[in-house]
Amino acid sequence: MAGHSKWKNIQHRKGRQDALRGKLFAKLSREIMVAAREGGGDPDQNQRLRLAISKARSQNMPNDNIERAIKRGTGEEAGGNYESVTYEGYGPGGVAVMVEALTDNRNRTAADLRHLFSKSGGNLGESGCVAWMFDRKGLLVVDRKTVDLDEEDMLLQALEAGAEDLETGADTFEVITSPDQFEDVKHALEKEKFSFTASEVTMVPQNTVKLTGDHVSKILQLMEALEDHDDVQNVYANFEIDDVVQEKENLSE
């Protein structure tokens with residue numbers, strides 16, 4: 001399974017901890033603010049805002065918080081002076097890493113991320129150095145325990161809904177869509193009573209780097225540190241880890 005899915009599984013496990021630390025709602029608010037500022041406060045006319053609101057609601061963010069973030073983004077309320085910045089670099093073992101951040105101080109954020117990459121044995125690179133290794137795709141993850149379908153039948157359902165492809169894991173079906181068709185495919189599958197453990201427009205690696213030994217713990221530490229940074233919204237990487245190795249890392253946490 002690719003690094004994207006591996007890291008998403010780890011994120012879901014730590015998501016509640018983020019909420020307890022008060023970071024999750026702050027990050028969701030920033031995404032809503034920037035989306036509203038760049039594309040307007042009407043989600044019907046602004047896909048990025050629509051997706052940000054959907055993600056916030058999936059994390060049980062109160063409507064008052066969502067409305068306040070939109071108003072800050074459109075300038076109706078003070079605050080929300082953030083800009084989108086993407087940082088790129090290489091982690092241990094030559095893993096390609098992309099970091100999407102929302103910051104009010106580019107110099108501070110760049111210095112912090114450079115330190116985190118260096119600490120892990122990686123390095124922050126120039127813009128464009130790894131972006132070509134990723135494609136923006138819609139991703140809908142279905143827990144296989146919740147559906148009574150084999151891979152062939154699930155693929156047929158996904159394609160009929162307008163998806164591009166299906167990736168099958170030990171525990172999940174991952175429905176891949178184009179970014180433009182993401183919401184239509186999601187709604188079509190929801191009408192067929194499918195539910196999702198994750199649903200987002202994300203960056204999917206074209207190829208993966210298989211990690212072993214010390215590189216496994218180092219890349220996971222880097223990903224965790226990047227995710228914990230206040231300015232970081234999303235982290236993408238192209239590493240691959242064997243399930244047995246991943247279980248050992250889980251037990252060591």
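Here, each number is a calculation from the coordinates, and none is a lab measurement. Just so it is clear, the model here is predicted, and its values are computed rather than measured. Methodologically, a virtual Cβ is constructed for each residue, glycine included, from the backbone with ideal geometry; neighbour enumeration extends over all protein chains shown.
Under a 5 Å amide H cut-off, with hydrogens placed 1.01 Å from N, Ala163 pairs with nothing among residues at least 5 apart or on other chains.
Step through the table entries Lys55/Lys193; Lys23/Lys210; Lys23/Lys137; Lys23/Lys55; Lys55/Lys210, compare each Cα-Cα distance with 23 Å, and write down the pairs that go over it.
Pairs exceeding 23 Å: Lys23/Lys210; Lys23/Lys137; Lys55/Lys210.
Size descriptors for the range 134-253 (Cα atoms only): Rg and Dmax, in that order, 16.0, 45 Å.
For the chain, with a Gaussian network of springs between Cα atoms less than 10 Å apart, report the residue from Met223, Met203, Met61 with the top mean-square fluctuation. In the Gaussian network model the winner is Met61. Please report how far the C-alpha centroid of the range 57-133 lies from that of the range 155-178, rounded to the nearest whole angstrom. So the two Cα centres are separated by 29 Å. Taking amide H positions as modeled 1.01 Å from N, with prolines and chain starts lacking one, no residue 5 or more places away or on another chain lies under 5 Å from Gln59. Quotient of the Cα radius of gyration of the range 182-235 and 2.2 N^0.38 Å, N being its number of residues: 1.62.
Kirkwood's formula applied to the C-alpha pairs of the range 69-176 gives a hydrodynamic radius of 17.3 angstrom.
Structural descriptor for the chain: relative contact order 23 percent, calculated from alpha carbon pairs under 8 angstrom and at least 6 residues apart.
Size descriptor for the range 135-204, Kirkwood hydrodynamic radius: 11.6 Å (Cα pairs only, one decimal). Sparse packing (at most 15 other Cβ atoms within 10 Å of the Cβ) combined with a DSSP loop state is found for the following GluC sites (Glu not before Pro) in the range 85-153: Glu126.
Among beta bridges from DSSP that stay inside the chain, the antiparallel ones total about 95%. For the chain, the mean projected area of the C-alpha convex hull, equal to one quarter of the hull surface, is 13.7 nm².
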